Every structure is written in structure tokens, then in C-alpha cells.
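Participant: I have a structure I would like to understand better, so I am pasting it below and will then ask my questions one at a time.
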Amino acid sequence: MLLTKEEIQQQTRELWKTCFNDSEEFMDIYFDEKYSDAVNHTLRPDGRVVAAMQLLPYRMTFYNNILHAGYVSGLCVHPDYRRRGLASQLLREAHRKLYKQGGALSFLIPGSDELRHYYERMQHGAYWTSTFRLETEVEDSGITDDSLTISQPDEWGTDLYVFYRRNVVQDFMLHPAENDFFAALAACDLENGYVLVVCRKNRIVGLTLAVPEADGRVFLRSTLSADFAVKDLVVRHLKRECGVDKIYMRVPVGGDTEGAQPYAMARVVNVERFLRAVVHANPEFKIHIGVDGDLDVPENNGYYLVRDGKVTITDRRPGDIVTPGGLAALFLGSQPMRCEMMLDE
């Protein structure tokens, strides 16, 4: 049975509801802002959508390079069709597509430790935990600036995204596109959160997304300003509005930081392209390493010599052999990798 694009989207949405039990309002945001026919992958063994996932494109800064990355979102299989390898098939298709498109990395955020172990397996993508976050209190440093005003706009214009895009300057980051940005704002608002804009003389100088969580603590999901007075104004405003004494945020940190919590997982989908990006920024870098266990992109399996600013495939077996996820973690795990506005909180 052939399905129209509209039927595939509707059935994908119904499957999402079955597997994740999200509200209609949240699914409206996701399927209006994030979903498209181009990013949706489905399996329909009996003519209906029984497994689906979306491979969302992201621009990634990495050692001052711009890489193409994919984010695996909404991977789900109908309960009646599980344990048939359908999720693995979808992941394989995603990795092959990214490889052909010139992508370098694939990311996902598991919803539990059980899923984290699931995705580590070679047959499920060979991902590895590659980004970490640390919960910390946002301190009020006591700075005031009477020229600042703070508001929670009823409508969001493109000027907010322009401000975000121009001012978020960070290496090692997945950068939200405009649709990702406004989906995050809408999700924040749906959860009775705060989209706060700080201005100085009608010029935007700060943007913050904050949400009260189930335990009563208020977290900054994203905040952008280099001005301590702006940060302090936001903190005081939230304390007053939410009736709390403390404001928290989860900041990206290296995995060796005390108290770091595992966050996104990653795997390399094109080893040569990935290593070339490393040596482009670090021409003196040297490593002899092997990659094995890539069942989805077997072209990646092999021995790589990085030396003199070049990446060479060699027959000489190195001492260290890693999976595609292990290679991603090797270079990302020690960095404060910023991943925000992913609709995963």
C-alpha cells in the first residue's frame, strides 16, 4: 500500500504518541518546526509506519572547523514490532545517508542509562558518551545597571534568532538552526517557562530560556550574554517571579570534571573527514589509531596514521583500536561540548 506524504507524517506522529506519550501541544511544536519529509525515515513492513526516526541536520563547530552533523531524534518502534532489528535498520540507514552527504558525526541523547548501553552496542550504532554537563548554581555577583530592561515578549521576532546567531560564539557546539531555535522557545513556553529578553536602549543584549522543573528548581536551559549585569538581572528576576532562592543551570564540561553527568552520545560516520578536521586545526598532531566495529559504514574500519598534517590509511596495526563512538569520545569527551535547544529536557 502506497502512502501519501501526509499519511506518512500522520502515522509517524501516531507512532510517536504511542511510544513517547507526549502531549498534543508538544507534538504540534515538533511536527511543525522540526519535522520534514526529507528528515523522516520510516519502515513499513505491512504497509503502515511501524518504526520511524528523524535525522536532523546540524552545523557543528569543531576545532574552528565547520562540520556537518546529524542528530538522531524520535527513534521509535511500535511495541508489536520490537526485537526484529528495525531500530538498528533505521540507524544504519541514517549513518549511510550521513556518510554519503559528507557528514562527519552523528549524535543522539538517550533517555535512560538502559538506552545508553543499548546504543553502545555495535549493532545499535556503536555510539559512545561524548558530552557531559555539570549542574551548578548561577550566582548573583551583585552588579546592577539601571539602563537595562527585562521583558517576556508575547511574540518572538526573527531579531531574537539574529541576536542568538551573531553572539553565540563557541567552538565545540551543535548550532541550532532557526527552526530549532523557535521550537525551543515554544517548548519553553509550553512548560510554563520564561523566554526573557534583556535590552539596553532598545537594543537586545541578553536572551535566556528558563524552566521550573519537577523538583521545584528553576534551570536556565540557555542563556546568552557576556555582560555580568545582564546575567544578574535575569537571576534576580527569576528568583522573584518563581519564588525561589536559587537558580541553576547545566553547563557543558569535560568528562573528567568532578560531578560531570553524561549527556549526548556520538559516533564518527566518516573517519577520514573527521581526522582531517582535527589536523587542519592542529597540524602538529600525531596519532596512529585503528577503527573497528563499524557495521553501518564498514568503509571506516581500518588503520589511520595522522602525521605531518596528513591522514593516511596504513596496513600497520596500531596499539589502539576504537569503535566509531570511541573515536568521537576521544576528541570530544574532554571538551565542553555545547548542545542546547534539543527538546530533550
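Participant: Return a whole-number percent for the relative contact order of the chain, with Cα pairs under 8 Å and 6 or more residues apart as the contact set.
Facilitator: In percent, rounded to a whole number, it is 21.
Participant: Give, in nm to one decimal, the length gained when the segment between LEU134 and LYS100 is fully stretched (0.36 nm per residue of separation minus the Cα-Cα distance).
Facilitator: 8.7 nm
Participant: Of all DSSP beta bridges in the chain, what percent run antiparallel (nearest 5)?
Facilitator: The answer is about 85 percent antiparallel.
Participant: Enumerate the residues in segment 180-216 having an amide nitrogen under 19 Å from the point lying 7 Å beyond the Cα of GLU24 toward its Cβ.
Facilitator: The answer is 187, 190-192.
Participant: What FRET efficiency comes out for the pair TYR118/ASP227, r = Cβ-Cβ distance, R0 = 45 Å, nearest 0.05? Walk me through the intermediate numbers first.
Facilitator: On the way: r = 43 Å, r/R0 = 0.95.
For TYR118 and ASP227, the calculated efficiency is 0.55.
Participant: Could I ask something else about it? Less than 17 Å apart at the alpha-carbon level, and either on another chain or at least 8 residues along: which aspartates and glutamates does that give for LYS239?
Facilitator: GLU137, GLU139, ASP140, GLU213, ASP215
Participant: I need the peptides 296-305, 74-83, 236-245 ranked by packing, meaning the mean over residues of other C-beta atoms within 10 angstrom, with the highest value on top.
Facilitator: Details: 296-305: 17.8, 74-83: 16.0, 236-245: 14.2.
The most tightly packed comes first, giving 296-305, 74-83, 236-245.
Participant: With all protein chains present, how much of the accessible area of the chain (probe radius 1.4 Å) comes from carbon and sulfur, to the nearest whole percent? It would help to have the intermediate numbers written out before the result.
Facilitator: Numbers: 7740 of 16710 Å².
So the carbon and sulfur contribution to the accessible surface is 46 percent.
Participant: Let me ask something else about it. Quickly rank 307-313, 106-112 as a protection proxy: mean count of other C-beta atoms within 10 Å, highest first.
Facilitator: Highest to lowest by the protection proxy: 106-112, 307-313.
Participant: Next question. Please state the relative contact order of segment 239-308 as a whole percent: Cα pairs under 8 Å, 6+ residues apart?
Facilitator: 23 percent
Participant: Okay, next question. Just one of (1) 56, 22, 17; (2) 36, 22, 19; (3) 35, 28, 17 is semi-axes √(5λ) of the Cα gyration tensor in Å calculated from these coordinates, so which is it?
Facilitator: Answer label, from the structure shown: (3).
Participant: Ranked highest first by average number of other Cβ atoms within 10 Å, how do 247-255, 142-150, 328-336 line up?
Facilitator: Taking the mean over residues of other Cβ atoms within 10 Å, the ranking is 328-336, 247-255, 142-150.
Participant: Excluding residues on the same chain fewer than 8 positions from LYS100, give the aspartates and glutamates whose Cα lies under 15 Å from its Cα.
Facilitator: GLU272, ASP296, GLU299
Participant: Okay, next question. Of LYS34/LYS97; LYS17/LYS246; LYS5/LYS34; LYS201/LYS246; LYS34/LYS231; LYS5/LYS97, which sit over 26 Å apart, Cα to Cα? The partial results should precede the final answer.
Facilitator: Details: LYS34/LYS97 18 Å; LYS17/LYS246 35 Å; LYS5/LYS34 16 Å; LYS201/LYS246 29 Å; LYS34/LYS231 30 Å; LYS5/LYS97 20 Å.
The pairs that break the limit, which is 26 Å between Cα atoms, are LYS17/LYS246; LYS201/LYS246; LYS34/LYS231.
Participant: Relative contact order of segment 104-237: what whole-number percent is it, with Cα pairs under 8 angstrom and at least 6 residues apart?
Facilitator: So the answer I get is 24 percent.
Participant: Return the single residue from ALA126, ALA87, ALA229 with maximal mean-square fluctuation; model: Gaussian network over the chain, springs between Cα atoms under 10 Å.
Facilitator: Greatest mean-square fluctuation among the candidates belongs to ALA229.
Participant: Taking 30 Å as R0, compute the FRET efficiency from the Cβ-Cβ separation of HIS280 and SER36 and round it to 0.05. All intermediate terms of the calculation are to be shown ahead of the outcome.
Facilitator: Details: r = 31 Å, r/R0 = 1.04.
Computed FRET efficiency for HIS280 and SER36: 0.45.
The values are calculated or read from the model by the stated rules, or taken from the named source; none is laboratory data. What you see is a predicted model; the values in this text were computed from it and never measured. Here Cβ is always computed from backbone atoms with ideal geometry, including for glycine, and neighbour counts include all displayed protein chains. All accessible areas refer to the heavy atoms of the entire protein, side chains included, with ligands and DNA or RNA removed. Shrake-Rupley method; radii C 1.70, N 1.55, O 1.52, S 1.80 Å.
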